[in-house]
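Novice: The following block contains the structure, expressed as structure tokens.
The values are calculated or read from the model by the stated rules, or taken from the named source; none is laboratory data. Just so we're clear, the structure is a prediction, and the values are computed from it rather than from any experiment. Positions of Cβ are generated from backbone atoms using ideal geometry, with glycine treated the same way; all protein chains shown enter the neighbour counts. Keep in mind that these areas ignore ligands, DNA and RNA; they rest on the heavy atoms of the full protein, side chains included. Shrake-Rupley method; radii C 1.70, N 1.55, O 1.52, S 1.80 Å.
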Amino acid sequence: TIERTFSIVKPNAVAKNVIGAIYARFESAGLKIVAAKMLQLTRAQAEGFYAEHQGKPFFDGLVGFMISGPVVVQVLEGEDAVRRNREIMGATNPANALAGTLRSDYADSLTENAVHGSDAVESAAREIAYFFSEDEICPRTR
Ligand code: CMP
């Protein structure tokens, strides 16, 4: 099934100048970038995006990190996009990420883990809508 998933290049990866390297991984895996923008998240935006983690011990550190510099948000489209993107990213904790994955190569810690990706089709739809209006998504016709 062709799916869409939501992805964030986190502030530590932007700071390392690896936006293009990360995009190349998506493209090499057959995932098409159908929407993209760079933005500096506000605290309210970051807290709303990670609302499911509110109250967890890592929440404040996560939000503080996510507003520490610009992020790049994108919508990826392709066959089995949610699972495929999760494979490319590797495990959430870089200590557990397989060699050759984005987290293995670019994460600095569990919080500064370089990329975010939706964990299911349902969360992808919610996360895409959080950052993009439908007119900002550009389906590929060629
Ligand atoms: P992400 O996929 O963006 O979703 C939530 C983020 O919280 C996760 O990646 C990690 O960067 C961060 N995080 C920090 N500590 C933890 C933890 N103990 N368990 C899960 N996620 C954590």
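Novice: Given the criterion open to solvent by 10 Å² or more (accessible area, probe 1.4 Å), modelled with pLDDT of 95 or more, over 23 Å from I137 (Cβ atoms) and within 12 Å of the ligand (Cβ to nearest atom), identify the matching residue among A51, A44, A95.
Specialist: A95
Novice: I would also like to ask the following. Could we say that M89 is in contact with a Phe, Trp or Tyr (Cβ under 8 Å, 6 or more places away or on another chain) and either open to solvent by less than 80 Å² (accessible area, probe 1.4 Å) or aromatic (F, W, Y) (or both) here?
Specialist: No; evaluated as a whole, the condition is false for this residue.
Novice: Mind listing just one residue for me: the one in segment 54-67 that is outside any helix (DSSP H, G or I) and open to solvent by 80 Å² or more (accessible area, probe 1.4 Å) and, of those, farthest from the ligand (Cβ to nearest atom)?
Specialist: Q54
Novice: Does segment 82-103 contain any residue that is over 14 Å from the mean Cα position of the chain (by Cα) and touching a residue at least 24 places away in the same chain (Cβ under 8 Å)?
Specialist: No - not one qualifying residue is present in segment 82-103.
Novice: Going by the structure shown, is A125 more than 10 Å from the ligand (Cβ to nearest atom) and out of contact with any strand residue (DSSP E or B) (no Cβ under 9 Å at 6 or more places or on another chain)?
Specialist: Taking the combined requirement at face value, the residue does not satisfy it.
Novice: Looking at (1) within 12 Å of the chain's Cα centre (by Cα); (2) open to solvent by less than 40 Å² (accessible area, probe 1.4 Å); (3) of a type in the set (D, E, K, R), which one does E77 not meet, given that it meets all the others?
Specialist: Exception for E77: condition (1).
Novice: Go through (1) within 19 Å of V14 (Cα to Cα); (2) of a type in the set (K, R); (3) more than 12 Å from the ligand (Cβ to nearest atom) one by one and return the number of the condition R142 breaks.
Specialist: Among (1) within 19 Å of V14 (Cα to Cα); (2) of a type in the set (K, R); (3) more than 12 Å from the ligand (Cβ to nearest atom), the lone unmet condition for R142 is (1).
Novice: Now for a different question. Please go through segment 104-113 and pick out each residue that is more than 9 Å from the ligand (Cβ to nearest atom) and either open to solvent by less than 20 Å² (accessible area, probe 1.4 Å) or farther than 19 Å from M38 by Cα (or both).
Specialist: Result: S104, D105, D108.
Novice: Here are some conditions: (1) within 13 Å of the ligand (Cβ to nearest atom); (2) part of a loop (DSSP other than H, G, I, E, B); (3) out of contact with any Pro (no Cβ under 9 Å at 6 or more places or on another chain). G30 meets all but one. Which one does it not meet?
Specialist: Evaluating G30 over (1) within 13 Å of the ligand (Cβ to nearest atom); (2) part of a loop (DSSP other than H, G, I, E, B); (3) out of contact with any Pro (no Cβ under 9 Å at 6 or more places or on another chain) leaves (1) as the failure.
Novice: Test F6 against the stated conditions and say whether it is touching a Ser or Thr at 6+ places or on another chain (Cβ under 6 Å), within 16 Å of the ligand (Cβ to nearest atom) and either open to solvent by less than 40 Å² (accessible area, probe 1.4 Å) or under 16 Å from L102 (Cα atoms) (or both).
Specialist: yes
Novice: Ok, one more. Just wondering, is there one or more residues in segment 128-136 that are of a type outside the set (A, V, I, L, M), open to solvent by less than 70 Å² (accessible area, probe 1.4 Å) and within 13 Å of the ligand (Cβ to nearest atom)?
Specialist: Checked against the condition, which is being of a type outside the set (A, V, I, L, M), open to solvent by less than 70 Å² (accessible area, probe 1.4 Å) and within 13 Å of the ligand (Cβ to nearest atom), segment 128-136 yields no hits at all.
Novice: Out of A95, A129, I need the residue that is among the small types (G, A, S), under 15 Å from A36 (Cα atoms) and assigned to a helix (DSSP H, G or I). Which one?
Specialist: Unique residue meeting the criteria: A129.
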